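Below is one structure, written out as structure tokens, with a few remarks after it.
The values are calculated or read from the model by the stated rules, or taken from the named source; none is laboratory data. The structure displayed is predicted, hence computed values, not measured ones. Reconstructed Cβ throughout: ideal geometry from the backbone, glycine too, with neighbour counts over all protein chains shown. Heads up: the accessible areas ignore ligands, DNA and RNA and are worked out on the full protein's heavy atoms, side chains in. Shrake-Rupley method; radii C 1.70, N 1.55, O 1.52, S 1.80 Å.
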Amino acid sequence: MTFPQILSLVLLVLILVLSIWRHVNIGLLGFCAAAVMVTATQFYAVTGSATAPDPALLLTSKSVFEHFPGSIVTLLIGVSLLFGHFERSGSLSWLTDKVYKAIGEHTLLIPWVGYMIGLFISTAGAFSTATITLLVPVIAALGRRMPRIFFISEVAAIVGANTGALSPINPVGMVIRDSANHAQVNFNGWLLWLLGTIVSVSTVLVLQIIFSPSRMQDSTNGKKPARGLALLKPVAIDNNDKGQLNPAYAICSTLSVLLFITLVVFAGTDVGLTAISLAVLLLLLFPEYSKNLARNIPWNAVVVISGLLVFIGTMMSVHTMDALENRLLGMTTNQIILLFIITYLTTSLSNVESSTIGVISLMTPMIFTIFGGSAHMSLILAACVAPALLSVINPIHIAGTLVVSYTDEKQQDAMFRRLLTIAFFIVPIIPGLTMILPAVML
């Protein structure tokens, strides 16, 4: 491997360690790593002799910023603003409340309502973290009346919202597509979404059986039940937040979301520009409700994806991924073993790094370089990324943290342990199951 390639791998490990250890935004670290790459390669070119890198691989700030994901950043901003209108107008709370009332006391169906709402909103293009942030308090309000299904309802909603991120018009789906385009690999984005949905539905169904209301025991004042598993005790919560419906604003925001979906899916318009245009139109029509709407933009995620993709693009420009692929293939040419390594590595990283989109951005270029010639690319992608998306229930992630925060204070420790236990069971079990079918196909 060349000096720039070795340096990029060292920096990659370093930014992962620092982001976890010091809790620094991995995107900011990515920008810094790209700056180090530029400086180091230029310095090495001057001081090196016969071993100096090929001038074609030397980096400049201009070449590095060619990898800035402008279309994805535009998408994040536009979709966040548009769905911010949808939430602020009271449409989301009103819609969710009506659906839950229609279901009534059919408790087995209630978690799946949250799952479907989360899946639909993220599939339509909303950043999954924003979707989760909107849904968790709504479901927490329901939990006041039905504490026995609070936990599984929250889990179902956040898993559905994160699974919808595999949609081709979602930021995560766009990141995967962008990596595929760079690697000149084709795959069916909607098939990937469907396969990911199958994995998440199966997971939620198993968790619903485990945490069935009939198997849960009453617990008061946060005390452990006299018998049975502590993880099965119901969680009492208290939340009084409720969105206020503004009829005209709600109707217009709902129509805007529906128009956005129609234009993007059927007319093929740009996701980010379409969302921004509709969001700005609503800003002009309802300025009294739109104050500080920019706060809905997940700036932390914008920085994560921008910095990480700039650095990954820098790595690809010096052919680090190709060299790493050759090293892996030098160790073994067995694609089943390679699939095993990448699947478990992706899920493990997602459980310790709070930015799932960052991990997927990191791993998908390697997936495409190693398996790019496979006719079952969507199946391989699903095996690698679908289990990683389930790690969102880990309490070190935003979604898991939100669930804990909406739990009664006396039972937050128990909820933290419950979520952490499930997250760590996902690591050894789910990836092994998802890779069975693609392993047979390889």
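Listed values, structure above:
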read-out: Relative contact order computed over the chain (Cα-Cα under 8 Å; 6+ residues apart), in percent; value: 24
read-out: Interatomic Cα distance distribution for the range 346-386, bins of 10 angstrom, percent; value: 30, 52, 17, 1
read-out: Where the Cα pairs of the range 91-189 fall when distances are cut into 10 Å bins, in %; value: 17, 43, 23, 12, 5, 0
read-out: Accessible-area composition of the range 332-442, carbon plus sulfur, in percent [1.4 Å probe]; value: 68
read-out: Theoretical FRET efficiency, 1/(1+(r/R0)^6), r = Cβ-Cβ of PHE424 and ALA248, R0 45 Å, to 0.05; value: 0.40
read-out: Longest site-free stretch - the chain; sites: GluC sites (Glu not before Pro), DSSP loop, at most 12 other Cβ within 10 Å; value: 106-442
read-out: Solvent-accessible area per residue, Å², over the chain with all protein chains present [probe radius 1.4 Å]; value: 44
read-out: Rotationally averaged projected area of the range 274-391 (alpha carbon convex hull; nm²); value: 9.7
read-out: Most mobile of SER80, SER91, SER128 in a GNM of the chain (Cα contacts under 10 Å); value: SER91
read-out: Globularity ratio of the range 312-359, using Cα Rg and 2.2 N^0.38 Å; value: 1.31
read-out: Number of Lys pairs (Cα under 23 Å; 8 or more positions apart or on different chains) in the chain; value: 8
read-out: Scattering profile of the chain at q = 0.08 Å⁻¹ [log10 I(q)/I(0), Debye over alpha-carbon scatterers]; value: -0.47
read-out: Rounded Å value of the spacing that divides the Cα centres of the range 250-291 and the range 377-442; value: 32
read-out: Debye log10 I(q)/I(0) for the range 400-442, one point scatterer per Cα, at q = 0.17, 0.25 Å⁻¹; value: -0.57, -0.80
